[in-house]
1. Does LEU126 meet the test of being in contact (Cβ under 8 Å) with a residue 60 or more places away in the chain and of a type outside the set (Phe, Trp, Tyr)?
2. Could you check, for region 95-113, whether at least one of its residues is among the hydroxyl-bearing types (Ser, Thr, Tyr), out of contact with any helix residue (DSSP H, G or I) (no Cβ under 8 Å at 6 or more places or on another chain) and not in a helix (DSSP H, G or I)?
3. If I filter region 94-117 for residues that are under 13 Å from GLN56 (Cα atoms), surrounded by fewer than 17 Cβ atoms within 10 Å (Cβ to Cβ), modelled with pLDDT under 95 and not small (Gly, Ala, Ser), do I get at least one hit?
4. Got a sec? Which of MET49, MET83 is more than 10 Å from the chain's Cα centre (by Cα) and either more than 25 Å from GLY105 (Cβ to Cβ) or modelled with pLDDT of 95 or more (or both)?
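The values are calculated or read from the model by the stated rules, or taken from the named source; none is laboratory data. The shown structure was predicted, so the numbers you read here are calculated from the model rather than taken from an experiment. In this analysis, Cβ positions are derived from the backbone assuming ideal geometry, glycine residues included, and neighbour counts consider all displayed protein chains.
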Amino acid sequence: MTIVRRNAESCRTRAEPGCRKGSETRFGGSFALAVSVVDRITNQIEQYMDLLSSRQKLVASNIANADTPGYKTKDIDFQFEFMSLAQGASPNVVEAPGLVVKNDGNNVSMDREARLLAENALRFNLASSLMKSQLKLMHAAIDEGRSG
């Protein structure tokens, strides 16, 4: 099996207008499969980190509004959003259920928000480590390709 990979200026199929002949590079099947798997994993890690970033912004907003009368805590159903999030789409923000509402109508729990900050930091560090290992793997494959 041979995979054809073209540069950014060329097209995906020869039938497309503007396709330049000779603009492709041929890779063996096993290398192309490995690149495909690594690319899929890095894309999922990227989406995960984007979702973590969105949640971090919400937590920061919740903390900033802890004393705002009538403010309702906002969150993301993290697991659901990660499983269903399309690339580039914004996550669905919902009011966090089951929180105690204070006399002023505010329901921000600083304990909950502090826990989410710590959880988010842990998750982001893990995702960063995974991304770093994927990039090292890609770098090793490139180095091996140069020498072999």
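1. Details: in contact (Cβ under 8 Å) with a residue 60 or more places away in the chain: no; of a type outside the set (Phe, Trp, Tyr): yes.
Considered against the rule, which asks whether it is in contact (Cβ under 8 Å) with a residue 60 or more places away in the chain and of a type outside the set (Phe, Trp, Tyr), LEU126 comes out as no.
2. Scanning region 95-113, I find at least one residue that is among the hydroxyl-bearing types (Ser, Thr, Tyr), out of contact with any helix residue (DSSP H, G or I) (no Cβ under 8 Å at 6 or more places or on another chain) and not in a helix (DSSP H, G or I), so the answer is yes.
3. no
4. Among MET49, MET83, only MET83 is more than 10 Å from the chain's Cα centre (by Cα) and either more than 25 Å from GLY105 (Cβ to Cβ) or modelled with pLDDT of 95 or more (or both).
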